[in-house]
1. Looking at L49, L67, L73, which one is closer than 13 Å to P26 by Cβ, in contact with a Pro (Cβ under 9 Å, 6 or more places away or on another chain) and surrounded by 13 or more Cβ atoms within 10 Å (Cβ to Cβ)?
2. Quick one: how many residues across region 1-17 are exposed (fewer than 14 other Cβ atoms within 10 Å of the Cβ) and either at pLDDT 85 or above or among the small types (G, A, S) (or both)?
3. Any residue in region 27-50 that's within 16 Å of T13 (Cβ to Cβ): show its pairings with residues that are of a type in the set (F, W, Y) at Cβ separation under 7 Å, as long as the two are six or more apart or on different chains.
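The values are calculated or read from the model by the stated rules, or taken from the named source; none is laboratory data. Small disclaimer: the values here were computed from a predicted structure and weren't measured. Every residue, glycine as well, gets a Cβ built from its backbone with ideal geometry; the counts of neighbours run over all protein chains shown.
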Amino acid sequence: MAAEPHAPGGRATLADLRDMGVNVLPVWRDDPDAITAATVLGIRRSLVLQMAKTGDLKTIKLGNKRLVPVEALAALLGGEEP
């Protein structure tokens, strides 16, 4: 399995993710430089989890991990950079 993407402060744009070939992101990681759905959206992990629970954000359950497809982030952000 490929390593999870990292960037200073976990900040990355949708274009960065596409350039890295990233298809899914974890909701959250304790590593401050890990790129996660929460850091891309600029919101707290708890809000990402709430959005997943209500169906406002598509997620994939893989074992004990909850992953967010990059396409779901793009759809949420209107396909444009924030």
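1. Details: L49 fails: in contact with a Pro (Cβ under 9 Å, 6 or more places away or on another chain); L73 fails: in contact with a Pro (Cβ under 9 Å, 6 or more places away or on another chain).
L67 is the lone residue from the list that is closer than 13 Å to P26 by Cβ, in contact with a Pro (Cβ under 9 Å, 6 or more places away or on another chain) and surrounded by 13 or more Cβ atoms within 10 Å (Cβ to Cβ).
2. 4
3. Taking only residues 6 or more apart or on different chains, the pairs are T36/W28; A38/W28.
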